[in-house]
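Down below is the structure, laid out as structure tokens.
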Amino acid sequence: MDFNEYQKKAMVTKCPYESNKDQIVNALLGIAGETGEIHEMFKKHYTVGGELDLENLRKEIGDVLWYLAELCDAFGFTMEDCAEKNIAKLKARHGAKFSGNGDRSGAGK
């Protein structure tokens, strides 16, 4: 699934807002709340110990994506356009170090 397909499917579930401002506020607060949940997972993992619940982490990251899709929607952006602009920025910033193929030799695994 590409970003635009995800955004289209995800926005079927958004609330009917009274204003664009309400949608923006909901998206921003949702992003903050969901990233807070991710932070809490890691805080507990590093302070209390035990295994990190990777399936729950995956779900929380998905929730962040939903709110990012909502924020993009509120401004008339596509997620794909935002992703492409971010890659262009990374290429400009990192020059020859940035290959663009996404291979980081297993980083994050």
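Every read-out reported here was derived from the displayed coordinates using simple, explicitly stated rules and does not represent laboratory data. This is a predicted model, so every value here is computed, not measured. Heads up, the Cβs are rebuilt from the backbone with ideal geometry, glycines too, and the neighbour counts pull from every protein chain shown.
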query: Once label points are set 7 Å from the Cα along Cα→Cβ at both residue 46 and residue 81, what is their separation, rounded to one decimal in nm?
result: 3.7
message: For the chain, set up a GNM with springs between Cα atoms under 10 Å and report which of 47, 78, 35 has the largest fluctuation.
response: 47
- line: The FRET efficiency for residue 56 and residue 97, from their Cβ-Cβ distance with R0 = 25 Å and rounded to 0.05, is 0.15
field: the stretch 5-93: radius of gyration over Cα atoms, expressed as a fraction of 2.2 N^0.38 Å
entry: 1.27
task: Kindly count the pairs of lysines across the chain whose alpha carbons are less than 19 Å apart, treating pairs on different chains or eight or more residues apart as eligible.
output: 8
query: Which residue fluctuates the most in the chain, going by a Gaussian network model with Cα springs under 10 Å, if the choices are 27, 83, 96?
result: 96
statement: For residue 19, the net charge from surrounding residues (Cβ-Cβ under 15 Å; K, R +1; D, E -1) works out to -2
